Amino acid sequence: MTGSTSISSDMTAKRLETLKEASPQANRIGVMGCHPDGDLLSKQQWLEAQAAGQSMGLRVVPIFIRQPEELPGAFEQAVRQKIEAVLVLDCTRLPRPEQVIELVNTARVPTLYPYPGYVRTGGLMSYGPSSAEMHRRAAIFVDKILKGAKPADLPVEQPTKFELLINIKTAKALGLTIPRALLMRADEVIE
């Protein structure tokens, strides 16, 4: 077995740093994702968010769900705890991106998502592995295997190219001014 993974051990911390850079006044960050009980990836992401939050002097507030229909109630509880921004983790049980975006944008909370599709649908920002680069790497694996390489001899690769997307229209709607330094680092700025 071989291939590439979209998981990187530093991803959650880097996303939290990027969110804080976009919303420097935010000190209470909601962390939205799958409930970590029984979900190894969610548990790892939550532990990383807690450690990164602590090192940055932030308070991280869990917004965990087991089923998609739990999100509105969980989010409402986090809003009552006065969250000032949201970091969305990689979670397969979240509702459709449009529903998540509507929820956080209605609450006027700056949010960073794991995938560019969220930003292209109206979310504020995303930071994660380049899907184009991951597809290119997958083609290289296929080529090697078709030329006789054994999959077991090929290492599983972690991403090496990451993309930052920012939706300026959403930032304006939220009353947020994205720092110029962050805009200059963005791979794509949606107007």
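Below, the figures for the structure above:
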quantity: Residue within the range 128-139 that is over 30 Å from residue 104 (Cα atoms), touching a Ser or Thr at 6+ places or on another chain (Cβ under 7 Å) and surrounded by 12 or more Cβ atoms within 10 Å (Cβ to Cβ) present; calculated: yes
quantity: Qualifying residues in the range 142-167 (those that are in contact with a helix residue (DSSP H, G or I) (Cβ under 8 Å, 6 or more places away or on another chain) and assigned to a helix (DSSP H, G or I)) - the one nearest to residue 84 (Cα to Cα); calculated: 151
quantity: From the options 89, 16, residue that is in contact with a Pro (Cβ under 8 Å, 6 or more places away or on another chain), in contact (Cβ under 8 Å) with a residue 60 or more places away in the chain and under 21 Å from residue 130 (Cα atoms); calculated: 89
quantity: In the range 145-178, the residues that are over 19 Å from residue 116 (Cβ atoms), surrounded by 14 or more Cβ atoms within 10 Å (Cβ to Cβ) and charged (D, E, K, R); calculated: 157
quantity: One residue from 88, 119, 104, 31 being surrounded by 19 or more Cβ atoms within 10 Å (Cβ to Cβ), touching a Phe, Trp or Tyr at 6+ places or on another chain (Cβ under 6 Å) and either β-branched (Val, Ile, Thr) or farther than 28 Å from residue 177 by Cα (or both); calculated: 88
quantity: Residues located in the range 132-144, provided they are in contact (Cβ under 8 Å) with a residue 12 or more places away in the chain and either under 18 Å from residue 20 (Cα atoms) or not aromatic (Phe, Trp, Tyr) (or both); calculated: 133, 134, 137, 138
quantity: Helices (runs of 4 or more DSSP H) enclosed by the range 61-140 - at least 1 residues per element that are more than 11 Å from the chain's Cα centre (by Cα) and aromatic (Phe, Trp, Tyr); calculated: 71-80
quantity: In the range 50-73, the residues that are of a type in the set (A, V, I, L, M) and surrounded by fewer than 17 Cβ atoms within 10 Å (Cβ to Cβ); calculated: 51, 56
quantity: First in the range 165-179 and over 19 Å from residue 128 (Cα atoms), second anywhere and part of a strand (DSSP E or B), Cβ under 7 Å, 6 or more apart; calculated: 169/190
quantity: Subset of the range 149-174 (residues that are over 16 Å from the mean Cα position of the chain (by Cα) and at pLDDT 95 or above); calculated: 168, 169, 170, 171, 172, 173, 174
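The values are calculated or read from the model by the stated rules, or taken from the named source; none is laboratory data. It should be emphasised that the depicted structure is a prediction, and the values quoted were computed from it without experimental measurement. Reconstructed Cβ throughout: ideal geometry from the backbone, glycine too, with neighbour counts over all protein chains shown.
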